[in-house]
Every structure is written in structure tokens, then in C-alpha cells.
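Here is the structure we will look at, set down as C-alpha cells.
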């Protein structure tokens, strides 16, 4: 079972850049001597190939952000890894995020692995000019002398249609869109092989959103980096992601190439997500899924979707469905789709 | 830059206004007392023997002029300001005829020297420990140190001062327990004199630092533990920025702004003197001076000390105002 994730890797001959294997990460809180586990990431396996944009979708509080925080090793107590591994492959070298020395991990950050955080409005130090952030984050990783370094930073900003003058600004002097693009420029200046973007366009209006998405696409094409792209917005996934994984209540429920997922989703939850997207000319009212997302502290037994599922059977409340391949690139965890034998 | 200079000029105008109003208020309050200082002085002088009425009359005229008390209240007020601008508060009533300014400036260096060093030491100590304790929340040594300093904080200052006096003056008599220097010291500047002054200041300074550092520590620790959860700190950690750099340029740099405001306020309050410190340790500063002046009904000296403290606080507030936009660019200079 250790190699389950690898079996689902795309057929590409190269090794996947990211392999997440049976990852479990819980928030454990102690109150009055009673341990409570909130299972934000529960038994998730996935792989991201070199140069691929992997989208993670799911509703709010489904554990998307916990999943990617665990993947990049940005977790703080009470969130902790219970089981499983996260392994990156950078230039032929393999790195296990939870089995390496902190200084080694620090050394691959930004050089190979960078992160565009949710709420990028507040990710830049408010009391220092932006150039200091570029210096702190990137200078040590690039191994250049100062003059060449700044030339490179300015070139990079110009390539992303940003005035190099932003370097001398304070974050509060920039508009939301400018700040977000500056943050993306900061995350990509070292040409990392893997970029994680958590809701990078959520706070922006659609026009700026389009620019930022186009910019991310361009960067991905230029650098050939892999992306892990997280957003609840299915229409953004439709335009950006190569492949999408759907997370429901801390578990991966379906994963497929974007066109397959949007045209032939099999999991009832995914089908609802896709059906909720508006279509031009269609004026019928969108059906809302009954019920609410479950509490991760006390999730339903068996398949976590069964209380809201129109296809629920007896077995769904008793057994946990495992991810099963329908085609080599389409996996789904649902008894109604794969038959009732777990 | 021009906008900043206009801002500084306007704040300076406000400073002058505050000083003017504060000192005026002090003037009117002190001159509304029913006590007639001229009569008080004459009584004091004539207590020792009889004088003829003519001499007393002359004395009354001279004293009234010296104290700036001729004419109605408004005329006195004008005289007061015209003297004050030249730095003249008139003669002290209790140490007649020594001018008030001379008495104050004799005591001032003691208070300022002691208080500035004690305030700065407790600021640095408290904030450094507070920032470290907020950032490295698991460190046991830091927990113990913070607990110790915070535990000292609620002890009344004079109790702590007496404990120190007993410990270092009697149980283990290594430090002088009273005065600012040895009684028969040669007051020309020399290494021995400096050493002597430093030795005398250790106990009062230590008491001030031990009581003061705890509140800086609590404040800084709270600010730091808020800031470490900010997005920009998490982002810097994910960016592989070193932890000393994060602590210095991201955490402390953001937390220090409100702390510096507090520092400026404490430095401004130096001119109030610390009455208790100076009385307990027999320190020859303006706190001792103030107590004596109040006891002796020496209101020109009290007025002088009050004016000094108004000017001190006003300048401190002015400095905070003009420095804030430089420390935190989000504060607009307007």
C-alpha cells in the first residue's frame, strides 16, 4: 500500500515532483484532559507531475488549506502529522518534508518550493519597503552578487508587467491587485520547481483575477514549474488546472483531468459542484445540496458524504470507500460508482 | 519631505501651546493660594528679633519686587513670563536668595542621570526578554526569567527598595546605601568620582529596573505573540528567511512602535523625579527637592519644578509624534 500513490502517477516517464502518501494530519486540542481530534487531512494520497498544474477544490472548511499547509511543512501545533509522507523530487534529489533537518528544509524553500499564501493582502511586512522582502527571501538562494541580483529582480518584475518602482514602496501604498502580483513575483523570482498557490485570486475582482491567472499560467509555461493550485472556485479550476482533486471533509473523493471532471464527474458531490456552475443562457435555478458540510471534529461514519448523498446505501454509513481507478487518470471514492465491495 | 517638515512645524507649534497653557495653569493655581509669601518671609526674618517698621516696609517692597508680586494678577503674570523666557524663576523662598533655576540645575543631573540609565536598562532588558519569550514560546529558561520579572512587578517599589538596602547594605555590605556620592568626595571630575557616583547609583537603579522591566516584558511578549501569527511572519518562515532575521526585522520591528511610544512617555516623566526612590536612597535629585519645597511652602521652587516637568512631558510627546511616521510608514504625517 505504500506505493499506492505511485501507481496513480501519470504515465510520464519522469518521477513526479510531489508524492503525498496516505497523509493524515489532525488538529489535536486538549481541554479538561480530553483529547479532541479534528481530522482536517484524513488519508490523502496524490501526486503532481513535473510541469503540471494540480487543482485542489472543495468548499470552505473542507481541509484544503490544512492539506497544503501540511504538504509544504507549514504546520504549527495543534495541527500535526499523524501518519503518511510528503516527498518532493527536485533536480533528481528526493526530500521527505517530515524527515529532514530544519536547516535543510529552510534551504530548499523558495529555491525549489515556494508558496503563495491565502490572504496575500497581509503577507508583506508592513513596516519595511518591498525590496527588503525580495532581499530577505531570495538573495541567499540565488547566489548572485548584489548588482546582478537587483537586475534580475527588476527584469522579473518587468516581465510580470510590474513597475520596478514597487521595490521602493511600502505594501500599504499598493492596490490589492498590485500587492497580489508583487507577492506572486516574489514567489517566482527564484524560478522554483514547485509553487503552491492557496486561493491566490479570491480577494480580487474578476478583471484583476483574469490578469493574475494569466500571469500564473505564463509563469508556469516559462519556468516549467509544477503548481498546486487551491481554490473553492470551480470556474477558476476550469481555466487553470490540468487536473483537479476534490476534497470533501478532509478526504479526497474524486480526481481527474479537468475536462473529464467537468464533463464526466462520477462522485455525487463532484457532480453537484459542477452542476452548480452557471452556464450562459441557462436560467434554471441551481439546486443547492441539502445539509451542511460535516464537522471535522465528529465526522459521519463511513463515507463522510453519506448524510447528504442522494445515492447513499447501507454500506456507505459503515465502510469508508477507497479511491479506486476508473481509468488510469480518473479516481473516485464512492460505493455507488465502484460497486459495494470495498 | 516638505510635507514632513510642515508636519514637524505644526507639531512644534502644538508643543509651544501645550507648554504655555500648562505653565499658565500652574501659575494661576499657585497664585490663588491665600498664603502671602512676602508676609511669610518677613515673619521668618523678623522672628529672630525686632526690626523697625521702616525697615520692614522697605523689605516688603524689595521682596514683592523680587518675587514678582507687584501689581494685579495680570501684571504679575506678564512679569512671570518675561522672567521665565530668560530662564529666571525668581529666588527660592526657602533658600533665599539663591535663584530657583540654580537650585534646580544643581539637582537635575542626578535625577536625569539615574532615571535615564534606569529607564533605558529596564526598557532594553524587558523588551529583549519579552520578544524572545514571545517568539521562542517553548524555552524553559525564558519562561522562568519572565515569571521572575513579572513576579517582582506587583511588589510595592519601596518594599523592594528596602529589601535591596538590607541585602546589599547590611547582610552583604558591598554597596553604599545612601547619597549620590561619598560625603567628603572631591567633586572635580575624575575616574574615582565617576566610579563613586556609579557605585551609589547601582541600588536605586537596580530597584527601578527590577520593578520597571516586568511591565515592558509583559507588553512586549503580548505584542510578539500576536505578531508571530501574522501572515507576513508565516510567509517569511515559508520563504526560508532565517529565524534571527525574522525575529529582528519582522517581529520586533513591528512590535517596537507602541513600545517606543511608552519609552518616550517614561523619559518625559523623568522630570517629575521619582520622589520615593530619592527619599529612600537619600539621592540628591529633584524628587527630594520637590518634597522639601512643598514642606517649606517654597512655591517659586514648586512652580519651577512643575514647569520643568510640563516641558519634559510635552517634548516627549512631540518626539513621539514626529518619530512615529518614520517608524511605521502607515502612520501618515499630517
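Some observations on this one:
- Here the condition is being touching a residue at least 12 places away in the same chain (Cβ under 8 Å) and either surrounded by fewer than 17 Cβ atoms within 10 Å (Cβ to Cβ) or more than 11 Å from chain A (Cβ to nearest Cβ) (or both); of B:229, B:218, B:244, it holds for B:218 alone.
- The lone exception for residue A:70 - which of (1) modelled with pLDDT under 90; (2) within 14 Å of another protein chain (Cβ to nearest Cβ); (3) under 18 Å from residue A:198 (Cα atoms) it fails: (1)
- Qualifying residue in the stretch B:178-192 (condition: surrounded by 21 or more Cβ atoms within 10 Å (Cβ to Cβ) and touching a helix residue (DSSP H, G or I) at 6+ places or on another chain (Cβ under 7 Å)): yes
- Yes/no for residue A:250 being over 30 Å from residue A:190 (Cα atoms), surrounded by 16 or more Cβ atoms within 10 Å (Cβ to Cβ) and within 15 Å of the chain's Cα centre (by Cα): yes
- Scanning the stretch B:170-192 for residues that are part of a helix (DSSP H, G or I) and either touching a strand residue (DSSP E or B) at 6+ places or on another chain (Cβ under 6 Å) or modelled with pLDDT under 85 (or both) yields B:191, B:192.
- Taking every residue in the stretch A:57-74 that is within 25 Å of residue A:108 (Cβ to Cβ) and pairing it with any residue that is assigned to a helix (DSSP H, G or I), at least 6 positions away or on another chain, the pairs with Cβ-Cβ distances below 8 Å are A:72/B:238; A:73/A:105; A:74/B:234; A:74/B:237; A:74/B:238.
- For the stretch B:144-158, filtered to residues that are assigned to a helix (DSSP H, G or I) and under 21 Å from the mean Cα position of the chain (by Cα), the residue that is surrounded by the most Cβ atoms within 10 Å (Cβ to Cβ) is B:157.
- Filtered by the rule that a residue be within 20 Å of residue A:208 (Cβ to Cβ), away from chain B (no Cβ under 14 Å), surrounded by 17 or more Cβ atoms within 10 Å (Cβ to Cβ) and over 29 Å from the mean Cα position of the chain (by Cα), the stretch A:148-178 gives no residues.
- Of all the residues in the stretch A:47-76, those that are in a strand (DSSP E or B) and touching a helix residue (DSSP H, G or I) at 6+ places or on another chain (Cβ under 7 Å) number 5.
- Any hit, the stretch B:248-256, residues being facing chain A (nearest Cβ under 9 Å) and under 15 Å from residue B:137 (Cα atoms): no
- Of the strands (runs of 3 or more DSSP E) lying entirely inside the stretch A:77-139, those containing at least 2 residues that are surrounded by 15 or more Cβ atoms within 10 Å (Cβ to Cβ) and at the interface with another protein chain (Cβ under 8 Å from one of its Cβ atoms) are A:113-116.
- Among the candidates A:202, A:239, residue that is under 30 Å from residue A:137 (Cβ atoms), modelled with pLDDT under 85 and under 19 Å from the mean Cα position of the chain (by Cα): A:202
- Checking each residue of the stretch B:2-23 against the condition of being surrounded by 16 or more Cβ atoms within 10 Å (Cβ to Cβ), closer than 28 Å to residue B:311 by Cβ and out of contact with any helix residue (DSSP H, G or I) (no Cβ under 6 Å at 6 or more places or on another chain) gives at least one match.
The values are calculated or read from the model by the stated rules, or taken from the named source; none is laboratory data. These numbers come from a predicted model, not from an experiment. Here the Cβ is made from the backbone with ideal geometry for all residues, glycine too, and neighbour counts use every protein chain on show.
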